[in-house]
Amino acid sequence: QVQLVESGGGLVQAGGSLRLSCAASGKIFSIRSMGWYRQAPGKQRDLVVLITTNGTTNYADSVKGRFTISRDNARNTAYLQMNNLKPEDTAVYYCNAQITSYTGIYFSDRDYWGQGTQVTVSS
């Protein structure tokens, strides 16, 4: 009943920029945080950045100063602007949101994930 839809990503040369979007829809009561994780081939899924409802952010050290997350609470959408991309940023990027949904009978708290989008940075 809750869905995350990602857009953006693609192929870019080192030093270039990309922008990811993540839109949450469905029976949403509240969203505590939104953000992205990424997973490179053969590696675990790691946090890139999260943003809470009040705008508090948590960036991975590897992306600080290059990536910027923003959030439109009215649209339940988050954006990730990625600048000065490096080959080591190549991965599948997964949107994540901690959402409280309401079915009309009960509330449910859980993590939701997007379908993932490939980001490839060539050297």
* **Accessible surface of R45 - all protein chains present, 1.4 Å probe, nearest 10 Å²** => 90 Å²
* To do: Please get the size of the charge dipole for region 1-108, origin at its Cα centre, with Cβ charges of +1 on Lys and Arg and -1 on Asp and Glu, quoted in debye to the nearest 20.
  => 100 debye
* Structure fact -> Residue-normalised value, i.e. accessible area per residue, for the chain at 1.4 Å probe, in Å², stands at 53 Å²
* To do: Run the accessible area of region 42-123 with a 1.4 Å probe and give the carbon-and-sulfur part as a rounded percent.
  => 46 percent
* Structure fact -> Among T100, S25, G42, the residue whose Cα sits farthest towards the positive end of the charge dipole of region 18-111 (+1 at Cβ of Lys and Arg, -1 at Cβ of Asp and Glu, taken about the Cα centre) is S25
* Asked: More than 16 Å apart: what percent of Cα pairs in region 62-101 qualify?
  -> 46 percent
* Structure fact -> Volume per residue (Å³) of the convex hull spanned by the alpha carbons of region 22-65 is 105 Å³
* Mean projection area, nm², convex hull over Cα of region 1-116 -> 7.2 nm²
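The values are calculated or read from the model by the stated rules, or taken from the named source; none is laboratory data. What you see is a predicted model; the values in this text were computed from it and never measured. Neighbour counts are summed over all protein chains in view; Cβ atoms, including those assigned to glycine, are modelled from backbone coordinates with ideal geometry. Surface areas here come from the heavy atoms of the whole protein model, side chains and all, with no ligands, DNA or RNA. Shrake-Rupley method; radii C 1.70, N 1.55, O 1.52, S 1.80 Å.
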